[in-house]
1. So, in the stretch A:102-130, of the ones that are free of Cβ contacts under 8 Å to residues at least 24 places away in the same chain, within 8 Å of chain B (Cβ to nearest Cβ) and open to solvent by less than 30 Å² (accessible area, probe 1.4 Å), which residue ends up nearest to B:Phe91 (Cα to Cα)?
2. Looking at B:Ser284, B:Ser238, B:Ser268, B:Ser261, which one is of a type in the set (Ser, Thr, Tyr) and more than 16 Å from the chain's Cα centre (by Cα)?
3. Just to check your reading of the model, which residue among A:Leu252, A:Leu260, A:Leu211, A:Leu235 is assigned to a helix (DSSP H, G or I) and of a type in the set (A, V, I, L, M)?
4. List pairs: first in the stretch A:285-301 and open to solvent by 20 Å² or more (accessible area, probe 1.4 Å), second in a helix (DSSP H, G or I), Cβ under 6 Å, 6+ apart or cross-chain?
5. So, of the residues in the stretch A:11-33 that are touching a residue at least 40 places away in the same chain (Cβ under 8 Å) and not hydrophobic (A, V, I, L, M, F, W, C), which turns out to be surrounded by the most Cβ atoms within 10 Å (Cβ to Cβ)?
6. Can you report the number of residues in the stretch B:248-269 which are of a type in the set (Gly, Ala, Ser), buried (at least 17 other Cβ atoms within 10 Å of the Cβ) and touching a residue at least 60 places away in the same chain (Cβ under 8 Å)?
7. Considering only residues that are assigned to a loop (DSSP other than H, G, I, E, B) and touching a strand residue (DSSP E or B) at 6+ places or on another chain (Cβ under 7 Å), look in the stretch B:41-68 and name the one that is surrounded by the fewest Cβ atoms within 10 Å (Cβ to Cβ).
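The values are calculated or read from the model by the stated rules, or taken from the named source; none is laboratory data. Please read these numbers as outputs of a predicted model, since none were measured by experiment. Here Cβ is always computed from backbone atoms with ideal geometry, including for glycine, and neighbour counts include all displayed protein chains. Calculation scope for accessible area: heavy atoms of the full protein, side chains included, ligands and nucleic acids excluded. Shrake-Rupley method; radii C 1.70, N 1.55, O 1.52, S 1.80 Å.
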Amino acid sequence: MKTIATFSVKYSQSLNPAAELNTSLEQLATAGIHSSDLLDFYQSMLLIRTFDTKAIALQRTGRLGTYPSCLGQEAISTAIGKTMHAEDVFIPGYRDAATLICRGTTMQQILLYWGGDERGMNFTGNNQDLPYNVPIASQCCHSIGIAYAFKLRREPRVAVVVCGDGGTSEGDFYESLNAAGTWQLPVVFVVINNQWAISVPRSKQSGCTTLAQKAIAGGFSGEQVDGNDIIGCHLQLTKAIENARAGNGPHLIEAITYRLSDHTTADDASRYRDADDLQQAWREEPLLRLRNLLLNHQLISESQLEAIQSQCNEEVEACVAEYLAYPPQPNSAIFEYMYQQMPCGLKQQLSELETQR
Amino acid sequence: MPNLTLIEAVNAAMNFEMSADKNVLVLGEDVGVNGGVFRATDNLQRNFGEMRVIDTPLAESLICGMSIGLAVQGFKPIAEIQFMGFIYAAFDQLICHASRMRNRTRGRLSCPMVLRAPYGGGIRAPEHHSESTEAIFAHVPGIRVVIPSSPARAYGLLLAAIRDPDPVVFLEPKRIYRAQSEMVEDNGVALPLDVCFTLRLGCDLTLISWGAMLKETLEAAEYLAAIGIDAEVIDLASIKPIDKVTILESIQKTGRCVIISEAPKSGSVAAEISAIIAEEGLTSLLAPILRVSGYDTVMPLFKLEQQYLPSVDKIVKAAQHVMEF
């Protein structure tokens, strides 16, 4: 027997949980991440955490429907939003509020959607991005069509699609990897491995050593990155996205993070998750390490940090106020947009609904 | 005007629209060099290249899901599922995404795509190659389901389906792919969607059918005419939405109705038509509505498929029964 192919999966981390950077700030600036970017990253991550906390409070007080928290995943989700270009297309799952906000979706829209009002899916700013995708990993197939469209039109654009660790067990995930490799499409798969698919841990999801290695079966490369390290995420995403843009084909990034929340507000993770694990995960969460980096390098002061927090609070509160004051939808909203032109049968049913009121 | 079979008409419609609109793409298994297992896409790759006529990996969910991605980017994909028996892997993409992209984005994105598949029995095919499960698709809000029954209607309805701004499931009755040739002008003129076609005028009873069963239905109407029963024959064509107006007007005239379909009887399109007539045309009825259909069984392997499928004889007997009621 002879070896006919060998593969490897690399792991990278730039900022560890102790807030130690594996390089200097000067080197980082050379790589395109300036101190101002670090502050911007922090501010965006703090905004989404503030938003997330508020969303849960709204749900607990009956003013929002079931909501999937992104607590703990702010680094990778924000990094995707900061790395993609406006003309690229983002194909989300359902825990990706941070990325959407970076790309111009308003917090009001996100609240509207989780508040049971589909007007929230009519994204502003990023109007070619796909809407939230609640079924698992089916969005991966959509990213193939979108990336194929870019390739066919010879546009220097990239599709970035996100799924979770559980999503990598789905057929649609594998079918999409296979197609992306076959056609060498400009698509980047980001597997946000938060260790949990509701109650099923990563160890019971797959026998693979890494989820990144699934890309190899698709005919392209995959890597792991510390998903709680926004600097590392940004660096690796930049390489992957710009490579895809340059016509060098797809790539997969498995971002190792941890779902610090319940699966959604309808879940109780204490039924299946060890409290010690959670405590350990909190020591590795993404905001604290960036905050400490900024403080350690005197890029920010405590009082400035407080000011940023106040600013985030104000921004979120203003959006919540607008969300709560949003005018209700007419009943006709059920029937609109089913087809470009409403068929006769639907017109009849709509009129029945209107006259029964 | 060329004489075309139904399958040639399908090919001609795609060829016409791909020439007319560079955003029209064809994708599926074996649709490229091979021209599809039934030759529906014959020569398309030669005419339009590998990028626009795409041999996909063997993955039906991908084919449908990828079409959604192409469609939201402004392309008009025509995806071929090789046989209807393999379409179910793509069903999640159709029901969860294609059918609702316009609605869930409040019109920001839409999904103008066609999912073509040969369907139906009668060609002595292996297991999973002969079913008629159009009712499953007709149940899904947000899509159209269209079934042609002649070369000319296949040409005109497929053009309409490709040009339609919403997703269309286009089911092709493969038993009559090559059963009949007729003059089809390849002029790019589409037929209207959402309407039935009255193939024969009559005043004694209404026979409603679609797809390959129209062949037996029209034969039955000829037989009935010879024994003094004047049957109107309606080709449903648009399985979803159903053209209630044409059906109810016909029932108002005839007062009697037999619905002929090779699909299983329960929960079927025939059941839906019966319900429409019962809800909105009851006072016109002079006899019970009868369904001549397949059975609530698995489609048998081919040695028994003729026993399963509605026959001219069964249709005639049902028609006589409602006439004598």
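1. A:Met121
2. Working: B:Ser238 fails: more than 16 Å from the chain's Cα centre (by Cα); B:Ser268 fails: more than 16 Å from the chain's Cα centre (by Cα); B:Ser261 fails: more than 16 Å from the chain's Cα centre (by Cα).
After applying the criteria, what remains is B:Ser284.
3. Details: A:Leu252 fails: assigned to a helix (DSSP H, G or I); A:Leu260 fails: assigned to a helix (DSSP H, G or I); A:Leu211 fails: assigned to a helix (DSSP H, G or I).
From the options A:Leu252, A:Leu260, A:Leu211, A:Leu235, the qualifying one is A:Leu235.
4. From residues that are open to solvent by 20 Å² or more (accessible area, probe 1.4 Å), the pairs are A:Leu299/A:Ser35.
5. Taking the stretch A:11-33 and keeping what is touching a residue at least 40 places away in the same chain (Cβ under 8 Å), we get A:11-19, A:21, A:25, A:28, A:31-33.
Next cut, not hydrophobic (A, V, I, L, M, F, W, C) only: A:11-14, A:16-17, A:32.
Working: A:Tyr11: 13, A:Ser12: 15, A:Gln13: 19, A:Ser14: 21, A:Asn16: 16, A:Pro17: 17, A:Gly32: 10.
Filtering the stretch A:11-33 for residues that are touching a residue at least 40 places away in the same chain (Cβ under 8 Å) and not hydrophobic (A, V, I, L, M, F, W, C), the one surrounded by the most Cβ atoms within 10 Å (Cβ to Cβ) comes out as A:Ser14.
6. 3
7. Let us first name the residues in the stretch B:41-68 that are assigned to a loop (DSSP other than H, G, I, E, B), namely B:41-43, B:49-52, B:56-59.
Right, trim to touching a strand residue (DSSP E or B) at 6+ places or on another chain (Cβ under 7 Å) and you get B:41, B:52, B:56.
Values: B:Thr41: 29, B:Arg52: 18, B:Thr56: 24.
Among them, the one singled out is B:Arg52.
For (1) in contact with a Lys or Arg (Cβ under 9 Å, 6 or more places away or on another chain); (2) acidic (Asp, Glu), each residue gets a yes or a no:
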residue	(1), (2)
A:Phe123	yes, no
A:Cys140	no, no
A:Glu155	no, yes
A:Ala159	no, no
A:Gly164	yes, no
A:Gln195	yes, no
A:Gly219	no, no
